[in-house]
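Comments concern the structure below.
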Amino acid sequence: MRILSEFNFKKIISPLFILIVCEIIGRTRLIDPFFFPPPSAIFKSLWQMTITGEIFPHIAISVLRAVTGYIIAAAAGLFLGILVAGSKLFENIFDPLIELIRPISTFAIVPVMFVWFGIGNGSKIAIIVKACFFPIVLNTIAGIKGVDLRLIQAARSLGANGRQLWTMVLIPSALPMIITGMRISTAMSMLAIVGVEMLAADSGIGFLVIDAQRTFATDRMFAGIIVISLMGVTFDKIARFVQQRILSWHTDTSLAGTSA
Amino acid sequence: MFIIEAQKVCKIFNKREEITAIENFSLKVRENEFVSIIGPSGCGKSTFLLLAAGLESITSGQIFINGSKINGPDPKRAIVFQEYLLFPWKTVRKNVEFGPLVRKVMKAERRKISDKYIKMVGLEGFEDRYPHELSGGMKQRVAIARALANEPEVLFMDEPFGSLDSLTREMLQSELLQIWTEAKCTVIFVTHSISEAVYLSDRVVVMSRRPGRIIADIRINLKRPRLREMLSTPEFSEYERKIREFVWAQV
């Protein structure tokens, strides 16, 4: 009841309005329902996919691919980011590479990945890794390099040495930026997985949408898009939750508009 | 026996161009002395603190602390900066316990230390607050407690009250004297304020323009404990006048 009373009803006005308008357009056949199925038909089809259980394996495989790619990208991005930020040598070695590969559109390397890893899960995960890796590595580097030199001096004067400086000062201090990179990447992973599943796949939520389009089941197509949207929102909510948990001190700071 | 002995210290920064920050800087400080360094902006006051704290390397000359030549930072020498430089992700208590933590002091002992110094700076009840929840004066108290938690022999203070409003500043000056008496350490205090220097110190050292060296070393023979009323006495004004003369000759 408490949740209900705190719910901001104003926020559902605009989506509700659009749904009603769409429903009217669909029902009155103002536009051919083939192109523009009424929301009721879309939800019916979504419901159908849910009760038959048909939708779940698609969601599961998409999430699995996205999460696997994301974890690999996060681990590699953090590792390389710390390496590059911590040593001039590694910076000189990796920086040109990062700058060359980063601007390449994720989808431009899809053919390469298909050639290298086949059209199975391998290539899809590799593409997710490409999409997620750069925001994480770049934010990690920028975060660590941006740590106030004076703060490091303060820590050193208190007795912190090399390894302690990393674990107790540099990384915690860079954490807001690192986490921001990781949050951007959750959105990237969703973008990439849907796209690549539309290009070549026989499973996954992206496949479901493109397959519906190919078989002219436009209500299924829209239902799939709704699922993609919900997945995206869920991913972002999880990322936000984690961010707030880890960075309570920082979000408070930003909200208060002061910097400590 | 001097706790700090700087001999002909010279520091040249090599950034885009060579800048000699301090030159021929010699200073001797006795144990438990309170010495202020005053001088025009950019004269190298802060540079000397960084050198003595072991945070910057000396170009030539040497600094001895307790008879041994300094070689990098040491928890026995603490420094408090104008910008507080607290760890924003740590609570007041965790900030104060940082020094003991990196020195691998056990948890129960750390707690005892943080209790002691948080009490000394008058921040009981704020142990679990984060720095952004504190006022400037409170942040600087945390920074002082954090520095003292390592039980340093020497406390370097780099314009610690420079960014505080004048009322808070006066309060913290009096409290610092109290803390200094309790904590029993040597203080080297860099400031721009002549009255602050006279009020706090046993000796006030005046530096020249860059490259900085010492041009005057004035003993302040006002009795302790120092009271705020002393600020309006003729003796106090006389010290101020004398120091101001030296400082103005430099700007």
Across peptide B:70-80, what mean number of C-beta atoms from other chains lies inside 10 Å of a residue's C-beta? 3
Before anything else, pin down the relative contact order of chain B: Cα pairs under 8 Å, at least 6 apart, normalised by residue count, whole percent. 26 percent
Report, to the nearest whole %, how much of the accessible area of the range B:148-193 belongs to carbon and sulfur atoms, 1.4 Å probe, protein only. 52 percent
What angle, in degrees between 0 and 90 and rounded to the nearest 10, separates the Cα long axis of helix B:107-120 from the longest principal axis of the Cα atoms of chain B? 60 degrees
Which of the trypsin sites (Lys or Arg not before Pro) across the range B:159-251 are loop residues per DSSP, with 11 or fewer other Cβ within 10 Å? B:Lys184, B:Lys223
Residue-span extension gain [A:Trp47 to A:Leu19] - 0.36 nm each, minus C-alpha spacing: 8.4 nm
Measure out, as a whole number of angstrom, how far apart the alpha-carbon centroids of the range A:177-241 and the range A:115-171 sit. 26 Å
Centre separation in Å (Cα based) which lies between the range B:151-190 and the range B:1-40: 19 Å
Charges at C-beta only: +1 for Lys and Arg, -1 for Asp and Glu. How large is the resulting dipole of the range A:59-247 about its Cα centre, in Debye rounded to 20? 500 debye
How do A:113-123, A:76-86 rank on mean C-beta neighbours within 10 Å, highest first? A:76-86, A:113-123
C-alpha long axis of helix A:121-145 to longest principal axis of chain A, angle in °: 40 degrees
For the interface of chains A and B, what total accessible area is buried with a 1.4 Å probe, rounded to the nearest 100 Å²? 2200 Å²
Links exceeding 19 Å between C-alpha atoms in this model, out of B:Lys94/B:Lys116; A:Lys10/A:Lys44; B:Lys94/B:Lys139; A:Lys88/B:Lys11; B:Lys11/B:Lys69, come to A:Lys10/A:Lys44; A:Lys88/B:Lys11
Loop sites in the range B:1-82: trypsin sites (Lys or Arg not before Pro), DSSP, at most 10 other Cβ within 10 Å: B:Lys15, B:Arg16
List the relative contact order of the range A:59-247 as a percent without decimals, with contacts defined as Cα pairs under 8 Å and 6+ residues apart. 26 percent
Rolling a 1.4 angstrom probe over the protein heavy atoms, how many square angstrom per residue are accessible across the range A:59-247? 47 Å²
Using +1 at the Cβ of each Lys and Arg and -1 at the Cβ of each Asp and Glu in the protein assembly as shown, identify which of B:Ser60, A:Ala85, B:Ile22 lies farthest towards the dipole's positive end. B:Ser60
Tilt relative to chain B, helix B:234-248 - C-alpha long axis, 0 to 90 degrees, to 10: 70 degrees
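The values are calculated or read from the model by the stated rules, or taken from the named source; none is laboratory data. In this text, all values refer to a predicted model and were calculated from it rather than measured experimentally. For neighbour counting, all protein chains shown are included, and Cβ atoms are generated from backbone atoms with ideal geometry for every residue, glycine included. The protein model used for the area step is the full one, side chains on, heavy atoms only, and it has no ligands, DNA or RNA in it. Shrake-Rupley method; radii C 1.70, N 1.55, O 1.52, S 1.80 Å.
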